[in-house]
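Presented below is the structure to which this report refers.
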Amino acid sequence: MSAKGKVSGVNGNMITVEVSDKIAMNEVGYVLSNGKRLKSEIIRINGDTAQMQIYEISGGIKVGDDVEFTGEMLAVELGPGLLGQIYDGLQNPLPELAARTGFFLEPGVYLDALDRQKKWAFTPVVGKGETVAAADTLGTVPEAAFTHRIMVPFSFLGEYTVDWIAPEGEYAVADKIAVIKDAGGNSHDLTMMFEWPVKRAVKCYSERLKPVKPMVTQVRLIDTFLPVALGGTFCIPGPFGAGKTVLQQTLSRHADVDIVIIAACGERAGEVVETLKEFPELTDPKTGRSLMERTVIIANTSSMPVASREASVYTAVTLAEYYRQMGLNVLLIADSTSRWAQAMREMSGRLEEIPGDEAFPAYLESTIAAFYERAGLVRLKDGSVGSVTIGGTVSPAGGNFDEPVTQATLKVVGAFLGLSRERSDARKYPAIHPLESWSKYKSLIPSSVTGYVYDVMRKSAEIDQMMKVVGEEGTSLEDFLIYLKGEYVDAVYFQQNSFDPVDAAVPTERQHRYFKLIVRIAAANLKFTEKDEARRWFAGLRLKTLDLNGTAYLSDEFLRIEKEIEAFVEERRDGYLPHSEAVLKAAEVK
Amino acid sequence: MDKIYSKIESISGNVITVKAKNVAYGELAEITTSFGTSLAEVIKLDRDMVSLQVFAGGRGVSTGDSVRFLGNPMRVSFSDNLLGRVFTGSGEPRDNGPALSENLITIAGPSFNPAKRIVPSKIVRTGIPMIDLFNTLVESQKLPIFSISGEPYNELLARIALQAEVDMIILGGMGLKYDDYLYFKETLEEGGALSRTIMYIHTASDPTVECLMVPDISLAVAEKFALQGKRVLVLLTDMTNFADAKKEISITQEQVPSNRGYPGDLYSQLASRYEKAVDIDGAGSITILAVTTMPGDDVTHPVPDNTGYITEGQYYLKGGRIEPFGSLSRLKQQVNAKTREDHRTIMDAMIKLYASYKDTLEKKSMGFSLSGWDEKLLKYGYLFESKMMNLSVNIPLEEALDEGWKMLAECFDKQETGIKTELIEKFWPKEG
């Protein structure tokens, strides 16, 4: 029997409830107020009182209102039909909600996450008498471009025997598709959907593997220099206006993965809308289907209730883990984890906990670490491999990376793509700072080669600094050429125009070919007599290369410009710089 | 039957506590003091102890004053009769017109369903090149104007109010100097815009709590008009005063402050207001321009910092000009591809060159010898500042683009601009 209680206090989105029955931490309850049922979660228990955060606006609640507990933790529905959906932080489908309540999100309305009417073509893969355990596949249904595995619910511990399995045919998610028996002989009816508490990681795999294979993002700077691995983690901290959103959208669009889950956590509603309206129009080159069919959006935007903002990242990662169980590569983008941390801070403040740094709660670090640890490349029990890659944006107060959320995140991620205000002010996009960012993963291109170009960049930046002190006239021509090379590589290779249809996404092959050209120019021994001449020459080279960036790969135009660039460089080149043979060889430049 | 409570248990700042039953969170009450009556809002319930925030402030409230609960949350009248009128932060008339009480609507209502939003696609032309050309304002955008005190932000706001192509304007003033209030009133009157304007004004001498209501009232009314198909421009000045009022209240309530004394939920508080900006499918829109003064010209101050993360860009007002660096309209990409084909290119190229000009200036100030390239940049920088950045320039977008090409041709060779060959051929001014 579930417990009941009464409201005894309201403070913002936290209520105090008197309850004498048995209740559990993080248990979900409903406040009955003005004929509405408002979802809430227990966040502290003390004697006969429980403190709960409400997933809704708390206006109108009175002392003495009834509270009904459910005995369950906050959970999401898992089953076919998740792809292409847009949910709020509690997995309410927003379009259906709009059909029901109109323009505004009325509190206390909760809908089924999965369509109960839709029929799916089920094919069984196990037979009567077979032994199964949690996450074992009972059958499959086609969903978008994927084979969606219908699995034994993750919460089923121990071994079971299949007693009955539905024959091939059309079923709705709530129809019975199997009966399994536990060791004690009790029967359990299974449907194509089940629930899983969002705050618990799904661990139904046989082992975790080391992420090594790069996740191609088609962003040159990331793929070549700051790679992210499938099953790895990365963060994108940056001050406002530095291009977090555009970068995040580029990744969700072009990343080479099966499924993308976007958690819009406490950010602008407008950005979600862009994704929502554009993705159905775009094609996923991998499957030929619309991009929306590989995407799930969890939208808990900044004006929606704070408590469900906290829940939204967990909802998102649970869905990601679910699809990983099908041997798929899933990318989860959480934008922004700072808003999630702030939601924790708000609640911690209302609970009157002793504040840590910048009033964030003391458990901030462990909570962030636990979240990113839900990423990973895993071998499933049937031998197939799936991954969840997590990328979180961070919005540090004042753009200062020394703040608690950025620091806690940097400790646990494998790649740091730090955005810089300096670069975004100069309209250098993506504004990832090439020299301050780092990645622990392996690139498409051997590190000895990228290292060579990186060195040129680093020297170029040093010379640039130096010139600010000693002036151009105090700089040697040799140094000045390094400086110009660095500026050139930055302008044509590091920077990428995400609004140009061609330049927005650069596939692996093109990056390989392009990077060879870059290496050749970086290592070239160029002959000039004076600086202005060199500057003009590089301006011309830059222009030609930018033209190349905008032309379709291997088109006639592309080949023509490429030849032109090579000829242009040859005119000035007098052999290669000393100590460059190794790199030229590694880069496979003739 | 309204019950009247005549014993106030505690008074702290603007917050009073009474013992009462059957009171809802967020409900309004009327308190009668020897100075008159004031509204108050329930901000905390703890068993039978009810804490209220008194709109007129706690000053002079006596423990024997009476409190009557009204049984409803804060509401405001909504009708066409509002047009041309001026009200206070609690919705009382500030002009000599009658009080309005018909068709009351609840303020600070639920959030707009993201699934019902549409992608913004309409440019709001202002005639200011730094906005139209470089950081285009888009219908349903929310943009702050970051500035330090003393900058002509209210003048800029008033000019946008007069020139922007919208159906109506709602002006929310928070902590406004009385002179500024009169300035707005006169400017809009002279420009003939008063009849399409509604003003909710809290001046610096009014009670702090009323300051908190201004954005909610303004936006609630705007929302209703937008649903009726009106394109509404909401001008808020100054949101830093709003945030400071929040700080004051939260400190009085003994909340743990997070950053420089501001409450931990500052971001959520600002966001729930700014997010009211919307373009509604099949109806009107709300565009928000909000002045945010930066104490000490510090953009990392919590108020501008949190605001920047919420809004879709920002205009930096500095030295009487909109700074090209740091100013950003995130939505400009939605519209500037459809204006003219050279719009984006000119925008990027001119800013990049202006950035190089700034570097040259630095070089020059350090006494280094200048190259031929530097001389070109110096000439360009001067032209850019006087013909583009100068706020008195008032030309349509297309003219500004032509002006840009002229400026480039006057200062540079074609290839030095970094512009794609194709566009250069089409737009580069022919000699003679």
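The numbers here are math on the coordinates, done by the rules we state, and not lab data. Keep in mind that this is a model prediction, so the values were computed, not measured. Note: ideal-geometry Cβ built from the backbone for every residue, glycine included; neighbour counts use all protein chains shown.
Per the Debye formula on identical point scatterers at the alpha carbon atoms of region B:12-167, with no solvent, log10 I(q)/I(0) at q = 0.09, 0.16 Å⁻¹ is -0.50, -1.07. What is the helix-to-structure angle for B:343-365, meaning the angle in degrees between its Cα long axis and the longest Cα principal axis of chain B, kept from 0 to 90 and rounded to the nearest 10? Compared with the principal axis, the helix lies near 80 degrees. A straight chain from A:Asp66 to A:Arg289 at 0.36 nm per residue would run longer than the Cα-Cα distance by 75.4 nm. Assuming R0 = 60 Å, can you tell me the calculated FRET efficiency for the pair B:Ser34 and A:Ala362, based on Cβ-Cβ distance, to the nearest 0.05? Computed FRET efficiency for B:Ser34 and A:Ala362 comes out at 0.80. Each label point was placed 7 Å from the Cα along the Cα-to-Cβ direction; for B:Ser121 and B:Leu378 their separation is 4.9 nm.
Quick one: which of A:Lys244/B:Lys352; A:Lys203/A:Lys244; A:Lys544/B:Lys426; B:Lys338/B:Lys420 span more than 24 angstrom between C-alpha atoms? Long pairs (Cα-Cα over 24 Å): A:Lys203/A:Lys244. Based on C-alpha pairs under 8 angstrom that are at least 6 apart in sequence, region B:82-332 has a relative contact order of 29 percent.
Taking 0.36 nm per residue of sequence separation and removing the Cα-Cα distance, the B:Lys414/B:Asp298 pair yields an extension gain of 37.9 nm.
The Cα atoms of region A:119-192 cover 38, 19, 19 Å along the three principal axes, with the biggest extent listed first. Spin-label model, B:Ser371/A:Glu509: points 7 Å from Cα along the beta carbon direction are separated by 3.9 nm.
Full extension of the segment from A:Val109 to A:Glu353, taken as 0.36 nm per residue of separation minus the current Cα-Cα distance, would add 84.7 nm.
For region B:82-332, the square roots of the Cα gyration tensor eigenvalues, ordered a ≥ b ≥ c, give a/c below 1.5, which places it in the rounded category. Beta bridges per DSSP, both residues in chain B: antiparallel share near 60 percent.
Short-range pairs are left out: with C-alpha atoms under 8 Å and at least six residues apart, the relative contact order of chain A is 12 percent. If you wrap the tightest convex hull around every Cα atom of the protein assembly as shown and split its volume per residue, you get 178 Å³. Using C-alpha pairs below 8 Å separated by at least 6 residues, the relative contact order for chain B is 16 percent. The Cα atoms of chain A give a gyration tensor whose axes a ≥ b ≥ c have a/c of 1.5 or more with a/b greater than b/c, which makes the shape prolate. For region B:343-427, rounded, prolate or oblate, judged on the Cα gyration tensor with a ≥ b ≥ c (square roots of eigenvalues), a/c < 1.5 rounded, else prolate if a/b > b/c? Oblate is the answer for region B:343-427, as a/c is 1.5 or above yet b/c matches or exceeds a/b. Computed from the Cα positions only, the extents of region B:13-101 along the three principal axes stand at 44, 26, 18 Å, in decreasing order.
State the antiparallel share, in %, of DSSP beta bridges confined to the protein assembly as shown, rounding to the nearest 5.
About 70 percent, rounded to the nearest 5.
For A:Val589 and A:Glu278, the FRET efficiency from 1/(1 + (r/R0)^6), where r spans their Cβ atoms and R0 equals 45 Å, is about 0.70.
The alpha-carbon positions of chain B define a convex hull whose volume is 162 Å³ per residue.
The alpha-carbon atoms of region A:447-586 define a convex hull whose volume equals 114 cubic angstrom per residue.
All other residues with a Cβ under 9 Å from the Cβ of B:Met168 taken together, and with Lys, Arg as +1 and Asp, Glu as -1, what is their net charge? Please list the in-between numbers first.
Details: positive: B:Arg196, B:Lys230, B:Arg231; negative: B:Asp167.
Net local charge, B:Met168 excluded: +2.
Summing charges over all other residues whose Cβ lies under 12 Å from the Cβ of A:Cys235, with Lys and Arg as +1 and Asp and Glu as -1, gives +1.
Using a simple spin-label model with points 7 Å from Cα along the Cα→Cβ vector, what separation in nm is obtained for B:Glu362 and B:Ser101? Between B:Glu362 and B:Ser101, the simple spin-label model gives 6.4 nm. In angstrom, the C-alpha Rg and Dmax of region A:542-590 are 13.1, 35.
Counting only other chain Cβ atoms within 10 Å of each residue's Cβ, the peptide B:261-272 averages 6.
In this structure, A:Ala461 and B:Ser195 have a Cβ-Cβ separation that, at R0 = 45 Å, corresponds to a calculated FRET efficiency of about 0.20. How many angstrom lie between the Cα centre of region A:521-590 and the Cα centre of region B:350-365? What the calculation gives is 27 Å, centre to centre.
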